[in-house]
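Some notes on the structure that comes next.
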Amino acid sequence: MKLLYEGKAKRLYEGKAKRLYETEQPDELLMEFKDDATAFNGEKHAQFENKGRMNQAISLLLMQLLEKQGVPTHFVSTVGNIRTIVKNVEIIKIEVVVRNVAAGSLCGRTWLKEGEALKTPLVEWFLKDDDLEDPMINDDHILEMELATADELAFLKSEALKINEILKPFFLKTGLTLIDFKLEFGRLSTDPSTIILADEISPDTCRLWDVTTGEKMDKDRFRRDLGNVMESYAEVLKRAENAVNS
Ligand code: UDP
């Protein structure tokens, strides 16, 4: 596949952790993982060598696992360590968060305490808007802003729960509890009625705690200055690779 990438490809988008470029095919894009880490809506920023490589490897492994179990994703092929070809989608401006254990913003909004197991997985919607600091929204807000239809919302919820039912036991096999995670979905440029999983699934977008020690193995190490950020990401990758190959 010939890319328009080398030096002259049009950069379509640069986010906090990834860049997107055009390819020669209008229905495909090149996604590049950066080494940057940000938290608190970009207020805290740092660079970690190899973060892009590790996030790509983890995300790829998880997306391939999901594809095998019947969850369509944007992944097409890899182009080296930090770049993948993905299907061109229009991202739906909703961050879909699934939670198995209380942590993070949930504890600031409810009486639930960090580490409390939830009786049933929770699905939450957040508006993907940095200027508004990604506020939590409900179904009515989504319908009012026409971000998705009621049928699409039902699909997003069932797909998110299905993904949780695949990822939770997978991570358990690696000795990690999947506390919560964030997903993004997109509409295919070639067929906007088809919604697929997009973006990434990595320690940047998941909370993962060691089953035995409870140690945090995800971006909270950076958010909370716990140290050993990349060591933890590398450990997640190593365990995931072992679980896939076992
Ligand atoms: N998350 C994310 N991107 C965001 C916000 C949250 O990937 O912009 C992930 C976060 O890493 C965690 C889950 O979504 O795994 C739930 O995050 P929460 O609402 O608790 O927000 P936080 O306190 O992490 O900002």
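The values are calculated or read from the model by the stated rules, or taken from the named source; none is laboratory data. Being a predicted model, the structure only gives us computed values, none of them experimental. As a convention, Cβ positions derive from the backbone with ideal geometry for all residues, glycine included, and neighbour counts pool all protein chains shown. Ligands, DNA and RNA are stripped out before the accessible areas are found, and what is left, the full protein with its side chains, is counted by its heavy atoms. Shrake-Rupley method; radii C 1.70, N 1.55, O 1.52, S 1.80 Å.
Summary of computed values
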item: List H45, H141, ordered by accessible area with a 1.4 Å probe, largest first; result: H45, H141
item: Size of electric dipole in the stretch 74-134: Cβ of Lys, Arg +1 and of Asp, Glu -1, about Cα centre, debye, nearest 20; result: 340 debye
item: Cross-link pairs beyond the 32 Å C-alpha cut-off, checked among K113/K162; K10/K238; K10/K162; result: K10/K238; K10/K162
item: Chymotrypsin sites (Phe, Trp or Tyr not before Pro) restricted to DSSP loop in the stretch 104-156 with at most 12 other C-beta within 10 Å; result: W111
item: Span per principal axis, largest first, for the Cα atoms of the chain (Å); result: 49, 42, 38
item: Within the chain: Cβ-based charge dipole about Cα centre, in debye rounded to nearest 20 (Lys, Arg +1; Asp, Glu -1); result: 800 debye
item: Residue-normalised accessible area of the chain, given per residue in Å² at a 1.4 Å probe; result: 50 Å²
item: Lys/Arg +1, Asp/Glu -1 at C-beta; the stretch 72-180 dipole; positive extreme among I94, P169, I82; result: P169
item: Accessible surface of the stretch 63-220 [probe 1.4 Å, protein heavy atoms]: carbon and sulfur percent; result: 52 percent
item: Neighbour-limited loop hits for trypsin sites (Lys or Arg not before Pro), the stretch 211-245 (at most 15 other Cβ within 10 Å; DSSP other than H, G, I, E, B); result: R224
item: Inter-probe distance in nm under a simple model that places probes 7 Å from Cα toward Cβ, at L172 and V71; result: 1.6 nm
item: The stretch 89-155: GluC sites (Glu not before Pro) in DSSP coil with no more than 10 other Cβ atoms inside 10 Å; result: E146
item: CD proxy at 222 nm, helix term only [per DSSP H run n ≥ 4: -39500 (n - 2.57); per residue of the chain; nearest 500]; result: -9500 deg cm²/dmol
